[in-house]
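> Below is the structure I would like to discuss, written out as structure tokens.
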Amino acid sequence: MTVDVGIIMGSQSDWPTMKEAALVLDQLGVSYETKIVSAHRTPDRLWAYGRAAAGRVQVIIAGAGGAAHLPGMMASKTRVPVIGVPVQTKALSGVDSLYSIVQMPKGYPVATMAIGAAGAANAGLLAAGILALQDAGLAARLDAWRAALSDSIPEEPKDE
Ligand code: RP5
């Protein structure tokens with residue numbers, strides 16, 4: 001099956017975070033799939049996904065927590081752009097995830113987002129922005145999404 005975006009994550013426990021990327025893609029009408037692909041628990045699945053990715057998905061969003069090797073290993077296996085989402089952990093608040101994802105060696109980039117839900121939502125938006133380079137309809141929907149967010153911000157604060 002061919003889809004625009006592959007959303008992959010290391011564990012079922014990452015889904016509440018990674019769902020934020022899926023929600024954004026739903027709002028923008030971007031097709032995607034969601035898969036659990038663990039660098040440590042299912043390495044063969046990771047390899048198979050990376051081997052087949054080019055031509056099947058255009059962008060990969062990969063989220064993982066702790067020793068978060070999934071985004072980097074996926075970037076090693078495919079030239080498809082990988083956007084990494086550091087999932088917030090209980091032990092170290094996701095700083096471990098961030099450091100595991102962000103410091104890639106030259107040659108195998110991962111576009112690393114912020115820790116947690118905001119990072120996952122931004123991963124969806126970044127994927128949409130990449131796809132919009134070749135899709136005028138999506139570009140218009142993304143512009144409208146951004147304008148609506150701007151319009152929702154009040155000019156003055158008020159007591160809650
Ligand atoms: C990582 O370990 C996953 O990405 C997840 O964030 C973390 C914990 O996984 P579980 O023990 O909750 O399955 O591989």
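All of the numbers you see were taken from the coordinates with simple rules; none came from a lab. On a predicted model such as this, the values are computed, not experimentally measured, just so you know. Using ideal geometry, Cβ is built from the backbone for each residue, glycine included, and neighbour counts are taken over all protein chains shown.
> So is V59 farther than 14 Å from G10 by Cα and crowded, with 24+ Cβ neighbours inside 10 Å or not? Can you show your working first?
Details: farther than 14 Å from G10 by Cα: yes; crowded, with 24+ Cβ neighbours inside 10 Å: yes.
It is true that V59 is farther than 14 Å from G10 by Cα and crowded, with 24+ Cβ neighbours inside 10 Å.
> Restricting the first residue to the stretch 1-16 and requiring it to be of a type in the set (G, A, S), which pairs with a second residue that is within 6 Å of the ligand (Cβ to nearest atom) meet a Cβ separation below 6 Å and a spacing of at least six or different chains?
Note: pairs meeting the criteria are G10/S38; G10/A64.
> May I pose another question? Got at least one residue in the stretch 89-108 being β-branched (V, I, T) and closer than 22 Å to V3 by Cβ? Show your work before the answer.
Start the filter on the stretch 89-108 by keeping residues that are β-branched (V, I, T), which leaves 89, 95, 101-102.
With closer than 22 Å to V3 by Cβ added as a condition, the list becomes none.
No, the stretch 89-108 has no match at all.
> Something else: Looking only at the stretch 66-78, which residues are more than 13 Å from the chain's Cα centre (by Cα) and on the phi < 0 side of the Ramachandran plot? Outline the logic, then answer.
Looking only at the stretch 66-78, we keep the residues that are more than 13 Å from the chain's Cα centre (by Cα), and these are 66-69, 73, 76-78.
A67, A68, H69, M73, S76, K77, T78, listed by residue number.
> Of the residues that make up the stretch 100-110, is at least one in contact with a strand residue (DSSP E or B) (Cβ under 6 Å, 6 or more places away or on another chain), more than 26 Å from D26 (Cβ to Cβ) and of a type in the set (A, V, I, L, M, F, W, C)? Can you show your working first?
Let us first name the residues in the stretch 100-110 that are in contact with a strand residue (DSSP E or B) (Cβ under 6 Å, 6 or more places away or on another chain), namely 101-102, 110.
Next, only the ones that are more than 26 Å from D26 (Cβ to Cβ) stay: 102.
Now restrict to residues that are of a type in the set (A, V, I, L, M, F, W, C): 102.
Checked against the condition, which is being in contact with a strand residue (DSSP E or B) (Cβ under 6 Å, 6 or more places away or on another chain), more than 26 Å from D26 (Cβ to Cβ) and of a type in the set (A, V, I, L, M, F, W, C), the stretch 100-110 yields at least one hit.
> With respect to A53, is the statement that it is more than 15 Å from the ligand (Cβ to nearest atom) and touching a residue at least 60 places away in the same chain (Cβ under 8 Å) true?
On the way: more than 15 Å from the ligand (Cβ to nearest atom): yes; touching a residue at least 60 places away in the same chain (Cβ under 8 Å): no.
It is false that A53 is more than 15 Å from the ligand (Cβ to nearest atom) and touching a residue at least 60 places away in the same chain (Cβ under 8 Å).
> Tell me whether the stretch 83-105 contains one or more residues that are closer than 23 Å to A39 by Cβ and among the acidic types (D, E).
First pass over the stretch 83-105, keeping only residues closer than 23 Å to A39 by Cβ: 83-105.
Now drop any that are not among the acidic types (D, E), which leaves 96.
Yes, the stretch 83-105 has at least one match.
> Looking only at residues in the stretch 1-24 that are away from the ligand (no atom under 16 Å from the Cβ) and not in a helix (DSSP H, G or I), which one is surrounded by the fewest Cβ atoms within 10 Å (Cβ to Cβ)?
Ranking the qualifying residues of the stretch 1-24, first place goes to M1.
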